[in-house]
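A short write-up of the structure that comes next.
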Amino acid sequence: MTARTQGAQAPASAPARVSPEKLPADASPSARAQWLRDELERNSYLYYVLDAPTIPDAEYDALFRELQALEAEHPELLTTDSPTQRVGGAPLAAFDSVRHRLPMLSLNNGFDDEDVVNFDRRCAQGLGRTASAAPADDLFSAADAAENSVEYACELKFDGLAMSLRYEDGRLVQAATRGDGETGEDVTANVRTIKAIPLKLRGKAPAVLEVRGEVFMYRADFDRLNARQAEAGEKTFVNPRNAAAGSLRQLDPRITAKRPLSFFAYGIGELQGADRPAMHSVMLDGFAELGLPVCTERRVVKGAQGLLSFYREIGERRDQLPYDIDGVVYKVNAIAEQEQLGFVSRAPRFALAHKFPAQEMTTTVEDIEVQVGRTGAITPVARLAPVFVGGVTVTNATLHNEDEIRRKDVHIGDTVIVRRAGDVIPEVVAVVLERRPADARAFVMPTACPVCGSHIEKLEDEAIARCTGGLICAAQRKQALLHFAQRRAMDIEGLGDKVVDQLVDQGIVRTPADLYKLGVAKLAALDRMADKSATNLIAAIETSRETTLNRFIFALGIRHVGEATAKDLARHFGKLDNLLVAGEAALLEVNDVGPVVAQSIANFLGESHNVEVIEQLRAAGVHWPE
Ligand code: 9MJ
């Protein structure tokens, strides 16, 4: 079992984390069954709710099987809240409708600071606070003076599916989707398979408690699920939300049982047999006491400034959270004040969903081109109709490689879903096939590098195609020069990336051989290059002429040829000319050189322009003892 580093809220009175003394084996079957149920539920709770596993999977499984056997032998001992009853019963023909006894609300949305300030002002005014006197153009006015400001409970806005869980005398009796807010669908059989949702509440539960919250999927669980689906040749999901929705919509709960769904509680519906807590934040603490998963990323704040600092802080950490959120939610904390503010149509006046910029949007693929990376890797890139996603306007998105394009079936002209999360390069996540135009065109991978014209090779066991241009490809030149000059290669001190950028961009240097034609004047003319630095660099280039064969071979930057292999090659062939004429068979005789490395060296030396650069370097006086 692996922890997820998220942690739902632990109740103030946390359960013992050590296994209680084993119940004597001679206890009555009924006592043993009860003990097993409690023990299994307790461990599920520690694992799925508190993210704090205690016993190994195998031990859990053994207890589970013992309970199954006991229930099979004594059917009268079977209870509806037994952990063995989570696995999913027979498929349904359709979902029944459920009329919510209290409607499931929707939230008004806010998108910027002003929306938040206005929300706070409306709440303060509605509650008769003096904030109404604040001038409209003064964003943070008297409304934030501590004694007048409204207290809010801030929480995350989970990107999942809203769910209402009905507990009667502490037992889960019904789970219903939101539907239109008045009527939803009965998905009890599916929801019973979600291990984070207790079948039985802990402690003293009220006669009736409806818990509202969100069913969602952790990103790591989603990635694992998609990998599993792909391996089994089944359809993969676009994002965790779609995976959660698709899983809940299954009429066969045995399928849902295999999907890693989770839940966070954030609201209350019907309540009988207990008083409503006075504060929203206290209600959430109460949920945690009952064994329900409540997210710890929440805070009680005052006034608009408190709301906005919560928003900013969560916004900065959004991409590090282990699940997707699409904003934060503010709720007036005092329930009496919530009641005072009431509702407009279906949405409460006392709450606001403050949205983050969407991380996924649809747009169209205008073209697919390839880019050459610094190591020659060829990456297909979708040129997109500009779209505002993840807070910026995006016009390009990576398609990773040819196999990905085939797998996602991306055509030029397609409408696609583009995702940009954090500072990660935007990517095409899926095609909206229903919107494919008749003239959509499939992408054809070029056979020649668009930068240097060298042929593109794709080794059988690799997903990435590469330009074979090596030292002459402009896109690879900078990287090659830096590699050539590094301390462990030709050791040219002072030839850093700023200088290399200028030398290549201004067309002064194309290959490493050109370095040996540089004069002080040319270098001194570069941006931010003092005369003294230019002189020193020329001196470093001079000194580098005298080197060793292994350094020289390493400096060439042949793929798969690191320092150790370069040494082996130098020792084996003794002279550079021997290496230059060696075929794959001869290369395979070198210590530690296998087929991949041998082929890579043969390919490099098979390109005449690479051999030309080597000859130019020798002609420029680069030498070593042979
Ligand atoms: C979400 N989606 O996370 C509410 N929500 O409250 C939170 N949704 C909500 N609260 C009342 N945190 C209606 C919806």
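Every number in this text was worked out from the coordinates using simple rules, so none of it is lab data. Predicted, not measured: the structure shown is a model, and the values here were computed from it. Neighbour counts run over all protein chains shown; Cβ positions are idealised from the backbone, glycine included.
A few points about this structure:
- log10 of Debye I(q)/I(0), alpha-carbon scatterers only, for the range 196-255 at 0.13, 0.18, 0.28, 0.30 Å⁻¹: -0.49, -0.76, -1.26, -1.34
- Cα pair distances of the range 252-341 binned at 10 Å [whole percent]: 13, 37, 33, 15, 2
- Interatomic Cα distance distribution for the range 360-442, bins of 10 angstrom, percent: 20, 54, 25, 2
- For the chain, calculated [θ]222 nm from helices alone, where every DSSP H run of n ≥ 4 adds -39500 (n - 2.57): -10000 deg cm²/dmol
- Of the GluC sites (Glu not before Pro) found in the range 434-486, those in coil by DSSP whose Cβ has at most 16 other Cβ atoms within 10 Å are Glu460, Glu462.
- For the range 398-471, the square roots a ≥ b ≥ c of the C-alpha gyration tensor eigenvalues yield an a/c of 1.5 or more together with a/b exceeding b/c, which makes the shape prolate.
- Over the C-alpha trace of the range 300-431, radius of gyration and Dmax come out as 20.2, 65 angstrom.
- Translational diffusion of the range 443-508, µm² s⁻¹ [Kirkwood Rh, Cα pairs; Stokes-Einstein; 10 °C; 1.306 mPa s]: 119
- Linear extension gain, Ser97 paired with Val344, 0.36 nm per residue minus alpha-carbon span: 86.3 nm
- Max-minus-min Cα coordinates of the range 159-305 on each principal axis give 52, 40, 30 Å, with the largest extent listed first.
- Burial ordering of Arg166, Arg510, fewest other beta-carbon atoms within 10 Å first: Arg510, Arg166
- Between 0 and 90°, nearest 10: helix 219-231 axis offset from the chain longest Cα axis: 70
- Spin-label model, Asp169/Val432: points 7 Å from Cα along the beta carbon direction are separated by 5.1 nm.
- Local charge for Glu182 was computed over the other residues whose Cβ lies under 11 Å away, with Lys and Arg +1 and Asp and Glu -1, and equals +3.
- Local electrostatic count at Arg436 - Lys and Arg +1, Asp and Glu -1, tallied over other residues with Cβ under 12 Å: -2
- Mean projected area in nm² (Cα convex hull; one quarter of hull surface) for the range 468-619: 8.2
- Remark on the range 20-87: Rg and Dmax equal 11.8, 33 Å (Cα only).
- Scanning the chain for cysteines with no neighbouring cysteine C-beta under 4.7 angstrom from their C-beta gives Cys123, Cys154, Cys295.
- Scattering from the chain was approximated by placing one identical point on each alpha carbon and applying the Debye formula without solvent; log10 I(q)/I(0) at 0.08, 0.10, 0.12 1/Å stands at -0.81, -1.00, -1.17.
- Ordered by the count of other Cβ atoms within 10 Å of each Cβ, fewest first, Val332, Val613 give Val613, Val332.
- Computed over the alpha-carbon pairs of the range 530-626, the distance histogram in 10 Å steps reads 15, 46, 26, 10, 3, 0 percent, short to long.
- Overall dimensions of the range 155-207, expressed as equivalent-ellipsoid semi-axes from the Cα gyration tensor (√(5λ), whole Å, largest first), are 20, 14, 12.
- For the chain, the dipole from Cβ point charges (+1 on Lys and Arg, -1 on Asp and Glu) about the Cα centre works out to 260 debye, to the nearest 20.
- Residues Val432, Val301, Val191 in ascending order of nearby Cβ atoms (within 10 Å, fewest first): Val432, Val301, Val191.
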